[in-house]
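The values are calculated or read from the model by the stated rules, or taken from the named source; none is laboratory data. Everything quoted here is computed from the prediction, not taken from an experiment. Here the Cβ positions follow ideal geometry from the backbone for every residue, glycine too, while neighbour counts run over all protein chains shown.
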């Protein structure tokens, strides 16, 4: 092979146009809500505002005007996160992308290339979405920096806005549960602290079901204009209107994390599972252990602990079967919004400013911003690696416009 430059479909200009042609999936809620901006370096700095309903003071005629600054109550900074992934195309595939040959083979190869590039794009979009969802639901996250150092970023959401209900108040089994009161308390806190009323409430389908079946909410609906069966036909709209929390967004989008076993797992005894990289596995997620030697052979176990330094995942109970290091793998599928999370927030401050942005940092020798594609040819065996990379960090300007309840 003379190199991929002789193949029109693999020219960098074509690949970059192709990957940008794919829109961000409409299911990526936060990515579509908050804008992206280019930043001049990878050391991202931003101002933090708590409350934004300021008012110009009275002054005596002839007196100088008091000055206010553009800076808020404080400044935050963090290194941008870098993320990338690549895909390999072998000689046989690349030869079908060349003009000689049947049209059918050429078109099939082009479709396969487009599917591969869209897969890389979607996975990169999910990483952005994961960062923004962690920002608003957890108040921060950790990631890798140069040299393998693990960094953490915290966005300053007040502790009074990140509430975990006591056992007796939990919405599923609490003896004193009262979702209506908890939600109204959250609304009051947002109004008092940030001067905003919630524009969105977010939860997943499992938690929505819990609210739909709550006896207090059903009693309220019987006394309202919605007591005519609309609750089950349009549950999110009905409950959102009843509780005054704006648009209820039912968010069931998931992400997937894969790891390869580095040590054998013994059936009936192993609860500590060592993988090549445990960084993105999360407590509360479901770990699927997959036997790669047999079709449709797996077991699911609940994750109870994750040790990033030793790449160890602890599960609630040992799997029944045994699994082989270097051959078998594990997968965790998890929703961006957990089953126990009820989130209310406004996407704009009291002054109408967007509360968050995604800052795109420059990277590479050509100083690129945003998602970009490059490639590298291999000599033996012949083939081409195609890589998608991105760098940036979400920033949160108004931390007190978010209120998160852990309810179960």
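Structural remarks
- Within segment 21-45, being touching a residue at least 24 places away in the same chain (Cβ under 8 Å) and farther than 16 Å from residue 391 by Cβ holds for 22, 24, 25, 27, 28, 29, 30, 33, 34, 35.
- Hey, residue 369 farther than 18 Å from residue 155 by Cβ, surrounded by fewer than 17 Cβ atoms within 10 Å (Cβ to Cβ) and in the same structural domain as residue 41 (by TED's automatic domain parsing) or not: no
Condition check ((1) without any contact (Cβ under 8 Å) to a residue 60 or more places away in the chain; (2) not in a strand (DSSP E or B)) across all residues:
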residue: 325; (1), (2): no, yes
residue: 331; (1), (2): no, no
residue: 337; (1), (2): no, yes
residue: 359; (1), (2): no, no
residue: 366; (1), (2): yes, yes
residue: 370; (1), (2): no, yes
residue: 373; (1), (2): no, no
residue: 380; (1), (2): yes, yes
residue: 385; (1), (2): no, no
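- Residue match in segment 321-336 (condition: in contact with a helix residue (DSSP H, G or I) (Cβ under 8 Å, 6 or more places away or on another chain) and buried (at least 16 other Cβ atoms within 10 Å of the Cβ)): yes
- Single unsatisfied condition, residue 134 versus (1) surrounded by 16 or more Cβ atoms within 10 Å (Cβ to Cβ); (2) in contact with a helix residue (DSSP H, G or I) (Cβ under 9 Å, 6 or more places away or on another chain); (3) without any contact (Cβ under 8 Å) to a residue 40 or more places away in the chain: (2)
- Scoring residue 180 on the criteria (1) without any contact (Cβ under 8 Å) to a residue 24 or more places away in the chain; (2) assigned to a helix (DSSP H, G or I); (3) out of contact with any strand residue (DSSP E or B) (no Cβ under 9 Å at 6 or more places or on another chain) leaves a single failure, condition (1).
- Filtered by the rule that a residue be in a loop (DSSP other than H, G, I, E, B) and more than 13 Å from residue 240 (Cα to Cα), segment 198-225 gives 204, 213, 214, 223, 224, 225.
- Set side by side, the residues 151, 190 differ, and just one is part of a helix (DSSP H, G or I) and either at positive phi or in contact with a strand residue (DSSP E or B) (Cβ under 8 Å, 6 or more places away or on another chain) (or both), which is 190.
- Selection within segment 343-354 - free of Cβ contacts under 8 Å to residues at least 60 places away in the same chain and either buried (at least 18 other Cβ atoms within 10 Å of the Cβ) or within 20 Å of residue 44 (Cβ to Cβ) (or both): none
- Scanning segment 390-406 for residues being in a loop (DSSP other than H, G, I, E, B) and surrounded by fewer than 24 Cβ atoms within 10 Å (Cβ to Cβ) gives a total of 1.
- Only a single item in (1) surrounded by 18 or more Cβ atoms within 10 Å (Cβ to Cβ); (2) touching a residue at least 40 places away in the same chain (Cβ under 8 Å) is not met by residue 197, and it is number (1).
- The strands (runs of 3 or more DSSP E) falling completely within segment 238-283 that include 2 or more residues that are without any contact (Cβ under 8 Å) to a residue 60 or more places away in the chain map to 247-250, 272-274.
- All conditions but one from (1) in a strand (DSSP E or B); (2) closer than 28 Å to residue 407 by Cβ; (3) out of contact with any helix residue (DSSP H, G or I) (no Cβ under 6 Å at 6 or more places or on another chain) apply to residue 344; the one that does not is (3).
- Exactly one residue among 269, 296, 236 is at pLDDT below 95 and within 30 Å of residue 193 (Cα to Cα), and that residue is 236.
- Put simply, of 111, 123 the only residue that is more than 21 Å from the chain's Cα centre (by Cα), surrounded by fewer than 17 Cβ atoms within 10 Å (Cβ to Cβ) and not in a loop (DSSP other than H, G, I, E, B) is 111.
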